[in-house]
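K.L.:
Below are the structure tokens for one structure; questions will follow.
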């Protein structure tokens, strides 16, 4: 007598392995969806590289990226992200038409069975400065042949302030902290140097520092645009 085996165990295995039609696995990821540029000057461009990590077992495919205003441009470093890998969404925000607090963003659409979309947000305070703490100069512009330039933050009214590097958009330049604490009347100081290996072109970038006031509750974030031209 021929024994008929039930197909149910095989069906369960196939479903678990995702081998049958309609059982594709959904996207799984972690992302840097919110960035605070802090205080920025008027009519400048600042940049941040948002990371997107594929934490699932199937590739993430970026179908398209849309910004919600003309002030933001964004591109993906990779459109297909294998399992365990990271892609970056490089977003540049122009402060030209803004003053005061502002929040703008963009949306990443994934090619996924669930039509997954990821919302990213960037915020800033344009043209206003926390207790007089502001970078001097507001931005850096390097022409061909120019080397290092310094940025200072003067402590005009606090007992003591200190700072640290908070974010750097890319590796087109190096930031060296020279003086990280300043009493009233003194200056914090750092030095920015374009990378000597840069090829010809124009590079638009930025970095942010976090300034802490001794005894103060909220640190100030200051962003400094960096533009480098190389032939």
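Coordinate-derived values only; no laboratory data. None of these values were measured; they are calculated from a predicted model. Using ideal geometry, Cβ is built from the backbone for each residue, glycine included, and neighbour counts are taken over all protein chains shown.
K.L.:
Tell me the label-point distance for the pair residue 43, residue 131, using the 7 Å Cα-to-Cβ offset, in nm and rounded to one decimal.
P.N.:
Computed distance between label sites residue 43 and residue 131 equals 3.1 nm.
K.L.:
In addition: At 7 Å along Cα-to-Cβ for each site, give me the label-to-label distance between residue 86 and residue 61 in nm.
P.N.:
The two pseudo-label positions are separated by 2.5 nm.
K.L.:
For the range 29-126, what does the convex hull of the Cα positions come to per residue, in cubic angstrom?
P.N.:
77
K.L.:
Using the Cα atoms of the chain, I'd like the radius of gyration and the largest Cα-Cα distance, Dmax, both in angstrom.
P.N.:
Radius of gyration, then largest Cα-Cα span, for the chain: 23.7, 99 Å.
K.L.:
How much length is gained if the chain between residue 175 and residue 109 is pulled fully straight, taking 0.36 nm per residue apart and subtracting their Cα-Cα distance, in nm to one decimal?
P.N.:
Length gained, residue 175 through residue 109: 20.3 nm.
K.L.:
At residue 70 and residue 210, where each label point lies 7 Å from the Cα along Cα→Cβ, what is the point-to-point distance in nanometres?
P.N.:
In this crude spin-label approximation the distance works out to 3.6 nm.
K.L.:
If each DSSP helix of 4+ residues adds -39,500 (n - 2.57) and the sum is divided by the residues in the chain, what number results at 222 nm, nearest 500 deg cm²/dmol?
P.N.:
Computed ellipticity for the chain at 222 nm equals -1500 deg cm²/dmol.
K.L.:
In µm²/s, what is D for the range 130-230 at 25 °C and 0.890 mPa s, where D = kT/(6 pi eta Rh) by Stokes-Einstein and Rh is the Kirkwood radius from Cα pairs?
P.N.:
Result for D is 175 µm²/s.
K.L.:
If you don't mind, another one. Would you mind calculating the relative contact order of the range 130-230 from Cα pairs under 8 angstrom and at least 6 residues apart, reporting the percent as a whole number?
P.N.:
RCO, the range 130-230: 34 percent.
K.L.:
Just need the relative contact order of the chain here, percent rounded to a whole number, with Cα pairs under 8 Å and 6+ apart.
P.N.:
Here the relative contact order equals 20 percent.
K.L.:
Mind jotting down the distance between the C-alpha centroids of the range 64-119 and the range 164-212, whole Å?
P.N.:
Answer, in whole Å: 25.
K.L.:
For a Förster distance of 30 Å, can you work out the FRET efficiency between the beta-carbons of residue 143 and residue 32, rounded to the nearest 0.05?
P.N.:
0.40
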